[in-house]
Each structure stands twice: as structure tokens, then as C-alpha cells.
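Notes follow once the structure below has been shown.
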Amino acid sequence: MLWPQPLIQMNPMFQRGCSIDELVAQEVLHPACAQIFRRGKDENKLQGDLLHLYQHQEDAIRVARGEHSYVLTTGTGSGKSLSYMIPIVDYVLRHPNTPGIKAIVVYPMNALANSQLGELQKYLQLAYPASVRQVTFARYTGQEGKYDRAEILANPPDILLTNYVMLELILTRLREQAFLHTTQLRFLVLDELHTYRGRQGADVSLLVRRVRNRLTPPGETLQCVGTSATLAGGGRYEQQCREVAAMASRIFGCEVLPEHIIGETLTRVTEEVDETSPAFRHLLTERVANIDQSAPESFATFTRDPLSIWLESTFGITRQDGRLVRARPCRISGEKESAAASLHDITSALEEHCNEVIKQGLLAGYEQVKHPQTGRAPFAFRLHQFISKGDTVYATLEHDPARHITLQYQQYAPGGRERVLFPLAFCRECGQHYYCVRWQDEGTLVGRELQDQLRYANEDGGSKKSSTRTGNPGFLYLTEDDPWPRDRESIEVKLPGEWKELHHGKERLIASA
């Protein structure tokens, strides 16, 4: 009840688009972008490798090139930051003689701004082409020191990374007025757009309007960009785009068209087949029955493997309204709608066997097989586990396996009134459990939680203090593995060190203990 089976979900494969070099050849991007945006740049590999974009990244670049506001709604690990940073850098390169801030990127958390700062350092500082002017950037979130702030104010960067609170202060504080006189703003990006809702969403919406009025040059268009992984609602994809466009239009204060809502374009790693056909079910049944003899040894074999195909459809992506979308996370076992139960219904294999087959298949797609082009595991999956808050645990004064344990409050366990249930308490340091009891004068034990609920049970008009409150409260330790000793010396050895003190070179119990 408190520790359910985790939900499993694969990170899907995104459909490939053009490379940076291809967009440069098509004159969609400035020629210097081919040298700036390279994959795998670091101190040991300054030039990096050719960067292939995902289809949704290419779509975003083309929409931005058309001077439209847009929203990118793609999942984690989909490269959302490149979808707006590439158009921003392209614009700065195309306008080399324009001073001041060209783009403001607003993050809901400073940690995201810090992470993006590292990415920009990698692209805009390592192996930067000498033939074009430097694209400058800076973080201005309140974490900067006095001299860093003065430098940013004196020399405003092309790209400013900030948060919405600091952006509000930039518009109102006197010491930031230098920004207002030098800014030639073209892009305003709201990262994690879904975080701005309710009253905070209204504040940010009004802030966007003030930014447009104060920082956008006369006659110029401010392109607003939003990114999020969790904006889509119910209904078909077209309906989701309309809803997201309406929401973005309210926040940005400008029209965002549904066709400028860019979703992720997924592709399968394995072959797409009719999984309801008798032929596929027969192949899957044989594969499950011979799990050890027929494991795929190559990537090509893996993509045709019926178990791999079924696993990707179950945990990865599925087709909905003619479009590939992420499959809903599900549990391997432990629930009626678990993956093991579904595989059992298809193959008639035991659920325990199906459970092991699924685990082996997922691990094989993560550890044993790599994509020949990207070198990545085709089955990169995530585990989502939601652990419930613990409540009081009740148990009988018995040893396992006879002891009855329950989370439901009741006075007696099944089997008779002699099996009394007592609430348990747990040590915060070692986890050892103890019974919460009150030792009464007549030598009986009462659960302390139970007596608190019965303290007003006296109905004869006398004292409201229940007789069950009499006696000494304490914690009862019950064990067969390490029973409590009877002689004083052995007892003192087991007592906590906090209960003891040194007296004339000898250890003794503290009187209050």
C-alpha cells in the first residue's frame, strides 16, 4: 500500500530533421551557425561533430525565421533550448551593427538559467569563428556580484538570461535604466510556460505587455516564444494546438496561431506491425516461451524482434489519430492493468514468467544494444514511483509469522479478543519498531492511541478522564532474535550512550535516565 510498483515509461526516439549545415546551405541560417552549433563541443574537442536537428527543432527555426511567435511543446530531452537559441543567435549574426539586448530568456528557476549559461558558453565561446562578431550573453538573476552587475549594465549583452522577478525590477529600478535605453529587443522567451498560471500567470502576462511597450523599438515586432512539456490537454492533436495557441495568446498579448504550436514528432525504433494479427501474436508467444535462446544480438535483429516491438508499443510510443504519441506509463506487475498481465493475455504464459521476460527485454534494449548512428540505447526508460505518506501501523503482540499487521485502525485482530492490536512507533535512526503501550496497575497493557480515543468514554456523569489513562506510558520492544537480558550489567550494555556519563573515570547511568 505504501510502496507501489513503479510506473515505467520509455524516452521515445525523435524524428530527425535537417542538419545545421543543410539549413545553412538553404540560407535559412547564417553561415557562421555551422561552426557555432556543433555536437559534443568541450575543452578536449573544440570543433565538435555535425549537429543533426530533430524535426521539431527544424520546424521551430523555420517558424522563427518567418518572424512568428510560437510555442514548443515537447518532452524532456528534446532539445527545446536549441529551438529558440539557434534563431536568436542567427538574428544577432544577421544584425551585427545593432547594439543592446536582442533577446531576453525568462526562466522560472535560477537553476535553469545557470544550466543554460553553461550551454551558451560551450556554443558561443569554444571554437567560435573569428570572421564574425562575438554573440554576447549574460545571466542577470540576482546571483551576480557587484562588479558583474556593473559590467552587464555598462555593456548590455545580446542575450540576457533572467527570471520574471528580476525582469520586473529591470523595468522599475533606476539603476537598471541603462537597459531601457540600449535595448533593441526582438525575442522574449518564457521557458517552462506551464508554470505561469493563476495569479502568477496574470502577473507575467502583464509583465510581457510592459516589456513590449518599453523595450521593443518602434515599428519592430516582438517575437514571443514559449516552451513546455506539459501544455497539451484532451481531444485530438488539432484541438490541443488550438487550446495552447489561445492560452499563449493571452499570456503574450499577441496572436499565436495554432499552426505555430510545434509538437514533438516521434519515430519508432522497432518495426511498426499489426500487433493484433494472429501471426504477430504467434511470434510473440514463441519469443516469450524461448526467452533465453532467442535474444537479439544486433541492432537490426533487435528492431525486428517481436518482444522489442511489443515493449516499445507498451512503454514507449503508440499511434493515436494517425500520429505517434507517447504511451501512458504503466507498471510491469502488481496491478490489474499491468504490462505482465497484458502479455499473459496474449501469450498465456504465467504472469511471473511475463514479469521476468519484460525486465530482460527492457534491460537488453538499454545495456546490450546501441543505435548505430547515435550510439544511444534504444530503450532508455524512466521509473516514476509515488510513495504514499505512512500512517499508523498496528500489530499484535506476537512473533512472526503469527503476528498480524494492518494499517486499518481496529482494536482486535481476526481470531478473537485475546489478539489485541497496538500502534507501532519507529526509531528515526535505525528503524526498529516498538509498541506504544501504557502499563496499568493491574499488570495489563493498553495501546496508548486507543486510550486517547476512549478518554471521554465515561458516560455515568463522573470524571471525563477515562480510567484507561492510568498507568505508565512506554514503548514495548518484542523480539526473538535478540531478547532483552535479565542481569543489570548486560542491560546497561544495551542502553544508549546518551543515557550514560563518566563519573570518577567510570561509566554510570545518568540519574534522570
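Observations
- Among 426-434, 103-111, the peptide with the highest mean count of other Cβ atoms within 10 Å heads the list, and the full ranking is 103-111, 426-434.
- Of all accessible heavy-atom area on region 91-162, the percent that carbon and sulfur account for (1.4 Å): 50 percent
- Rounded percent of accessible protein surface that carbon and sulfur make up, region 216-315, 1.4 Å probe: 51 percent
- All aspartates and glutamates inside 16 Å of LYS500 as judged from Cα atoms, apart from same-chain residues fewer than 8 positions distant: GLU489, GLU492
- Taking a straight Cα-Cα cut-off under 19 Å and skipping sequence neighbours fewer than 8 places away in the same chain, the aspartates and glutamates within cross-link reach of LYS122 are ASP21, ASP42, GLU43, ASP49, ASP90, ASP158.
- As a rough guide to protection, the peptides 494-500, 237-243 ranked by mean Cβ packing within 10 Å, highest first, stand as 237-243, 494-500.
- Protection proxy ranking of 305-316, 185-196, by the mean of other Cβ atoms within 10 Å over each peptide's residues and highest first, is 305-316, 185-196.
- For the chain, the solvent-accessible area works out to 55 Å² per residue, with a probe of 1.4 Å and every protein chain left in place.
- Pairs from LYS80/LYS370; LYS389/LYS494; LYS80/LYS389; LYS80/LYS359; LYS45/LYS370 whose Cα-Cα separation, in the structure shown, is over 29 Å: LYS389/LYS494; LYS80/LYS389; LYS80/LYS359
- Per residue, the chain reaches -9500 deg cm²/dmol at 222 nm when only DSSP H runs of four or more residues are counted, each adding -39500 (n - 2.57).
- Within the chain, percent of DSSP bridges classed antiparallel, to nearest 5: 65 percent
The values are calculated or read from the model by the stated rules, or taken from the named source; none is laboratory data. Here the structure is a predicted model, which is why all the values come from computation and not from measurement. Positions of Cβ are backbone-derived with ideal geometry, glycine not excepted, and every protein chain shown enters the neighbour counts. The protein model used for the area step is the full one, side chains on, heavy atoms only, and it has no ligands, DNA or RNA in it. Shrake-Rupley method; radii C 1.70, N 1.55, O 1.52, S 1.80 Å.
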